[in-house]
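A quick write-up on the structure given underneath.
The values are calculated or read from the model by the stated rules, or taken from the named source; none is laboratory data. None of the values given here were measured: they were computed from a predicted structure. Neighbour counts are summed over all protein chains in view; Cβ atoms, including those assigned to glycine, are modelled from backbone coordinates with ideal geometry. Surface areas here come from the heavy atoms of the whole protein model, side chains and all, with no ligands, DNA or RNA. Shrake-Rupley method; radii C 1.70, N 1.55, O 1.52, S 1.80 Å.
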Amino acid sequence: MIIPLDLGKDSYDIILERGALKKAGELLGIPEGRKVLVVTDSGVPDEYANTVAQCFEESHIFVFPEGEKSKNFDTYRQICQTLMDASFTRKDAVIAVGGGVAGDMAGFAAATYMRGIDFYNIPTTFLSQVDSSIGGKTAIDLGKIKNIIGAFHQPKKVIIDPDVLSTLPKRQVANGMAESIKMGANFDKALFELFLGDDYNHIEEIIERSLKVKRYVVQQDEKETGLRKVLNFGHTIGHGIEASAEYGELYHGECVALGMLPMCSENVREKMLAALVNVGLPTEYEYDKEKVFEALSHDKKSAGKSVTTVKCDEIGTFRFEEMTLDELRKLL
């Protein structure tokens, strides 16, 4: 299946197909003679990066330690150094093979090396397949503040192979389900209702419907000046929890799940709780309110003394609400 994303000169195709990883060279369509750097992390099976790299005449593989802790200036510098040492030019390309961190690191390096070279994305986690792999957001963290240094740099093509999800632990799959639940809650009631049943029978449909929601939002608002802010549903408080938690204690999607609950009406919260429990996401967490508040007040979505939050009053809908930092503190 090809899902086209229309952004004018920056348009690209999202290819959703089982077994696509093995056909990466053919599907990516990178011209012969171009060098490629495959960026991956230590948590991704070696065979994935090797399979992609072997499709090209001259390829290099950069592997960094898995986890959010690697999403920093040092890893970014090492990727750029690798590109420079291998004499990459503007006609060459970077390919991410991995989850959201690999996509961010590869994408940000591609966006800034020689003021921008081509970037391709092959997400291998459920979270990155339904969310971060499309839309062009690339970033690194600074201290405990997530994604504060970054750029918009659209990929040339995205390949999504559901078969690679078979190597993921169940908790990692649930981690990605949080973003799909988010999209269903705000835009697609039928998608949301899939999580109230046996969700694992509907993986491809969940991926497809999630991608189409995000495609719609990105096409309307590529640079997040309006509608695209809806994708922050659950992230305001979620990012605060994530930044304040002990490293590795909670995954990103688990924090988003927790962050959505306070932003729902009473009626929606009851359904949200059922969906989260059904896929194995947390609904309770003991946290330090002041640490969470400090983190969310530094979040890039805040503007002065207020933050644009996303609320859900009925499944399939959303509304924006400006909240002061004091109101958010009380909400915590």
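For the reader, a short list of remarks on this structure follows.
- Leading residue by the ranking (farthest from Glu68 (Cα to Cα)) among those in the range 135-152 that are open to solvent by 20 Å² or more (accessible area, probe 1.4 Å) and among the aliphatic types (A, V, I, L, M): Ala151
- Any pair with Cβ under 7 angstrom, 6 or more apart, that starts in the range 61-76 at a residue that is farther than 9 Å from Ser42 by Cβ and basic (Lys, Arg) and ends at one that is open to solvent by 80 Å² or more (accessible area, probe 1.4 Å) and not in a strand (DSSP E or B): Lys69/Tyr247
- All told, Ala243 falls short of being buried (at least 23 other Cβ atoms within 10 Å of the Cβ) and assigned to a helix (DSSP H, G or I).
- Exactly one residue out of Asp299, Asp326 is in a loop (DSSP other than H, G, I, E, B) and modelled with pLDDT under 90: that is Asp299.
- Every condition in (1) assigned to a loop (DSSP other than H, G, I, E, B); (2) more than 14 Å from Ala106 (Cβ to Cβ) is met by Asp74 except one, and the failing one is (1).
- In the set Ser132, Ser180, Ser128, only one residue is within 22 Å of Gly107 (Cα to Cα), touching a residue at least 40 places away in the same chain (Cβ under 8 Å), of a type outside the set (Asp, Glu) and buried (at least 22 other Cβ atoms within 10 Å of the Cβ); that residue is Ser128.
- Residue pairs whose Cβ atoms lie under 7 Å apart, sitting 6 or more positions apart in sequence or on different chains, and linking a residue in the range 263-278 that is touching a residue at least 12 places away in the same chain (Cβ under 8 Å) to a partner that is open to solvent by 70 Å² or more (accessible area, probe 1.4 Å), are Val268/Glu314; Ala274/Leu196; Ala275/Leu196; Asn278/Leu196.
- Just so you know, in the range 107-156 the residues that are over 16 Å from the mean Cα position of the chain (by Cα), of a type in the set (Gly, Ala, Ser) and in a helix (DSSP H, G or I) include one that is farthest from Met84 (Cα to Cα), and it is Ala111.
- Taken together, Ile79, Ile14, Ile61 contain a single residue that is β-branched (Val, Ile, Thr), open to solvent by less than 50 Å² (accessible area, probe 1.4 Å) and either more than 19 Å from the chain's Cα centre (by Cα) or more than 30 Å from Val217 (Cα to Cα) (or both), which is Ile79.
- Some residue of the range 29-47 being surrounded by 21 or more Cβ atoms within 10 Å (Cβ to Cβ), in a helix (DSSP H, G or I) and in contact (Cβ under 8 Å) with a residue 12 or more places away in the chain: no
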